[in-house]
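Some notes on the structure that comes next.
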Amino acid sequence: MTVDTNREAAGADTGDSLTLALAQIRVEAGEVEANVDRALEAVARAAARGADLVALPELFNVGYFAFDLYARNAEPFAGETFTRLREAAADHDIAVLAGSIVEDLGATETVETPADDGLANTAALFDADGELQLVYRKHHLFGYESAESELLVPGERLETASIGGLTVGVTTCYDLRFPELYRRLVDDGVELVLVPSAWPYPRIEHWETLSRARAIENQAYVATINGAGEFDEATLLGRSSVYDPWGVSLASSGDEPALVMTEIEPKTVADVREEFPALRDRRL
C-alpha cells in the first residue's frame, strides 16, 4: 500500500521540495534475508515513485523483539546489510536511511565506535551516490519489559547531514521520550528528524503525541518510521507519520505494510520559526 499526500495538501507552494518516503515494511523475527529483501524492494519502489529520500524502520533486518537473535545476527558497520543498502542508494539515485541494525562494535573498522566491543543499535544515512553521510547509534536504551538495555551499548555521537537542501538528524524509537536530545539537534540546525522505530501496541497515544510534540516544540519536520508485524512478545503498531513544524500530520499509515510519501519544504521550517519565534524565547 502507498499513502500519498500531494504538494498542495502538504502546504507546499514555493521553492524546491524533497520527496520523502517512509518504508513501513513487514519485519519477521530472525528472517534477515527476507527482511533485507523487503527493504531493498521498498527502496526501489520509493525511487520509482520519485522519492529523494527513503527511510527504513528500527532493526528492520533482525526484528527489535528478537533479543535472543541479536548476537547471532550482528554485523560490522561495513557488513552485508549496510553494504546492500548503500549500493541500492547509488543504483536507484536515492538517499537511504538504513533504519538500524545490530552492529558488532568489535568487528567494525570503518567508522568510530563508542566501545571496543559489544553490540549497538545503529542507523546509517547514505546519500543518492551511496556515500555515508551520518551514523547514529541509539542513545536511550529501553529497559521496560525489554532486554535492549542489557544487550546493547548506547550511542554517544549526534551527527547531522545535508540531504536535498535540508539539515537532517536521526534519533531512534525510545529516544522520542527524551526532548533534550531534540533540542541538541535543533541547536545544530536540524530541520528534519528521522525516527526509525519498532513501537508496539498498545501505546498508540504515546507514539502519536510524542512525535507531534517533538515537531511542535522544535518547529521542525519529524518523520517516524515504524515497522509492521507480530513477534512473540509484541505487535508493531505501524502508523508511520510525517509531521510538519506546526505539528500537522502530512501523511500517515495504518498498521499494515505501507509506503508513506509526502513533500518536505526546506523553506517551511524557516518560515514557521520566523512567524512564531518560540525558539528565540528559550531561557534554557
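The values are calculated or read from the model by the stated rules, or taken from the named source; none is laboratory data. These figures come from a predicted structure and were not determined experimentally. Methodologically, a virtual Cβ is constructed for each residue, glycine included, from the backbone with ideal geometry; neighbour enumeration extends over all protein chains shown.
Taking the conditions exactly as written (more than 17 Å from T224 (Cβ to Cβ) and either surrounded by fewer than 20 Cβ atoms within 10 Å (Cβ to Cβ) or touching a helix residue (DSSP H, G or I) at 6+ places or on another chain (Cβ under 8 Å) (or both)), does G155 satisfy them or not? Spelling it out, it is not the case that G155 is more than 17 Å from T224 (Cβ to Cβ) and either surrounded by fewer than 20 Cβ atoms within 10 Å (Cβ to Cβ) or touching a helix residue (DSSP H, G or I) at 6+ places or on another chain (Cβ under 8 Å) (or both). Is it the case that the range 183-192 has a residue that's more than 28 Å from E230 (Cβ to Cβ), acidic (D, E) and in contact with a helix residue (DSSP H, G or I) (Cβ under 8 Å, 6 or more places away or on another chain)? Scanning the range 183-192, I find at least one residue that is more than 28 Å from E230 (Cβ to Cβ), acidic (D, E) and in contact with a helix residue (DSSP H, G or I) (Cβ under 8 Å, 6 or more places away or on another chain), so the answer is yes. Residues that are within 16 Å of A21 (Cα to Cα) and either part of a strand (DSSP E or B) or of a type in the set (S, T, N, Q) (or both) within the range 211-236 comprise Y221, V222, A223, T224, I225, N226, A228, listed in sequence order. In this entry, T262 is excluded by the filter for residues that are surrounded by 21 or more Cβ atoms within 10 Å (Cβ to Cβ), touching a residue at least 24 places away in the same chain (Cβ under 8 Å), touching a helix residue (DSSP H, G or I) at 6+ places or on another chain (Cβ under 7 Å) and part of a strand (DSSP E or B).
Does V170 meet the test of being in contact with a strand residue (DSSP E or B) (Cβ under 8 Å, 6 or more places away or on another chain), closer than 26 Å to L40 by Cα, at pLDDT 95 or above and of a type in the set (V, I, T)? So V170 passes the test.
Within the range 89-102, can you find the residues that are closer than 19 Å to S162 by Cα and either in contact with an Asp or Glu (Cβ under 6 Å, 6 or more places away or on another chain) or of a type in the set (G, A, S) (or both)? Hits for the range 89-102 are A89, A90, A95, A98, G99. C173 meets each of the listed conditions (1) in contact with a Ser or Thr (Cβ under 8 Å, 6 or more places away or on another chain); (2) under 17 Å from D52 (Cα atoms) apart from (2). Total residues in the range 25-73 satisfying the condition of being of a type in the set (A, V, I, L, M, F, W, C), farther than 17 Å from G227 by Cα and touching a Gly at 6+ places or on another chain (Cβ under 6 Å): the figure is 1.
In the range 215-257, the qualifying residues are those that are buried (at least 24 other Cβ atoms within 10 Å of the Cβ) and β-branched (V, I, T), and the one that is farthest from the chain's Cα centre (by Cα) is V242. Taken together, R273, R239 contain a single residue that is among the charged types (D, E, K, R) and part of a loop (DSSP other than H, G, I, E, B), which is R239.
A single member of A88, A98, A74 is within 23 Å of E145 (Cα to Cα), of a type in the set (A, V, I, L, M, F, W, C) and either touching a residue at least 40 places away in the same chain (Cβ under 8 Å) or in contact with a strand residue (DSSP E or B) (Cβ under 6 Å, 6 or more places away or on another chain) (or both), and it is A74.
Evaluating R283 against the criteria (1) assigned to a strand (DSSP E or B); (2) free of Cβ contacts under 8 Å to residues at least 60 places away in the same chain; (3) of a type in the set (D, E, K, R) leaves one unmet condition, (1).
Take the conditions (1) under 28 Å from F142 (Cβ atoms); (2) of a type in the set (D, E); (3) in contact (Cβ under 8 Å) with a residue 60 or more places away in the chain; E31 misses just one of them, which is (3).
Here D116 passes the criteria (1) outside any helix (DSSP H, G or I); (2) in contact (Cβ under 8 Å) with a residue 60 or more places away in the chain except the one numbered (2).
Do you know which residues across the range 119-154 are part of a loop (DSSP other than H, G, I, E, B), touching a Gly at 6+ places or on another chain (Cβ under 7 Å) and not basic (K, R)?
As a first pass, look at the range 119-154 and keep what is part of a loop (DSSP other than H, G, I, E, B): 127-131, 138-147, 153-154.
Those left that are additionally touching a Gly at 6+ places or on another chain (Cβ under 7 Å): 138-139, 153.
Residues satisfying the conditions are H139, V153.
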